[in-house]
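Visitor: One structure is given below, represented as C-alpha cells, and several questions about it will come after.
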Amino acid sequence: MTIKNEFESLTHQYLDVLYTRASELEAEMPRVEVLVQDTVLKAFESFASFRQNEDFKAWLLSLLDDVVYNQRRHRHAA
C-alpha cells in the first residue's frame, strides 16, 4: 500500500468524526467545511511525521484543534 493510499484509507475512516467535531466548534457549514479541508491538508502534509503507534483519530482531532485555534486567532487579529 502506498503512503497516499494509507493516508486516504485512514482519513476516510474519520471524516465523519472531523465533521462532527468541527460542527461543534462552528455553526456555519461553510466554515465547518473549511476547517475539515484545512485539517486534512495539514494531516497530509504532516503524515510523514505521524508515528504508527499513535492513535490516528486523536492525531487528526489534535490537528483540527490547531486549525481552529489558528483560524480564530487570525480572524480576531484582522
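Visitor: Got a sec? Which of Val40, Val36, Val68 is of a type in the set (Val, Ile, Thr) and touching an Asp or Glu at 6+ places or on another chain (Cβ under 9 Å)?
Guide: Of the residues listed, the single one that is of a type in the set (Val, Ile, Thr) and touching an Asp or Glu at 6+ places or on another chain (Cβ under 9 Å) is Val68.
Visitor: A further question follows. Within the stretch 66-78, can one find any residue that is outside any helix (DSSP H, G or I) and without any contact (Cβ under 8 Å) to a residue 24 or more places away in the chain?
Guide: yes
Visitor: Residues being surrounded by fewer than 11 Cβ atoms within 10 Å (Cβ to Cβ) and either small (Gly, Ala, Ser) or within 12 Å of the chain's Cα centre (by Cα) (or both): count how many of those fall in the stretch 21-34.
Guide: Residues flagged as surrounded by fewer than 11 Cβ atoms within 10 Å (Cβ to Cβ) and either small (Gly, Ala, Ser) or within 12 Å of the chain's Cα centre (by Cα) (or both) within the stretch 21-34 amount to 1.
Visitor: Can you confirm whether the stretch 45-52 contains a residue that is outside any helix (DSSP H, G or I) and polar (S, T, N, Q)?
Guide: Narrowing the stretch 45-52 to residues outside any helix (DSSP H, G or I): 50-52.
From what is left, the residues that are polar (S, T, N, Q) are 52.
Yes - at least one qualifying residue is present in the stretch 45-52.
Visitor: Restricting to the stretch 35-63, name every residue that is over 16 Å from Glu8 (Cα atoms), at pLDDT below 95 and surrounded by 11 or more Cβ atoms within 10 Å (Cβ to Cβ).
Guide: Glu54
Visitor: Here's a check for you: in the stretch 1-38, which residue that is outside any helix (DSSP H, G or I) and among the aliphatic types (A, V, I, L, M) is farthest from Asp65 (Cα to Cα)?
Guide: This residue is Met1.
Visitor: Which residue pairs have Cβ atoms closer than 9 Å, lie 6 or more positions apart in sequence or on different chains, and pair a first residue in the stretch 2-16 that is closer than 12 Å to Phe47 by Cα with a second residue that is exposed (fewer than 13 other Cβ atoms within 10 Å of the Cβ)?
Guide: Once the first residue is closer than 12 Å to Phe47 by Cα and sits in the stretch 2-16, its partners that are exposed (fewer than 13 other Cβ atoms within 10 Å of the Cβ) give Ile3/Ala48.
The values are calculated or read from the model by the stated rules, or taken from the named source; none is laboratory data. Remember, predicted model here, so these are calculated numbers, not experimental data. Here Cβ is always computed from backbone atoms with ideal geometry, including for glycine, and neighbour counts include all displayed protein chains.
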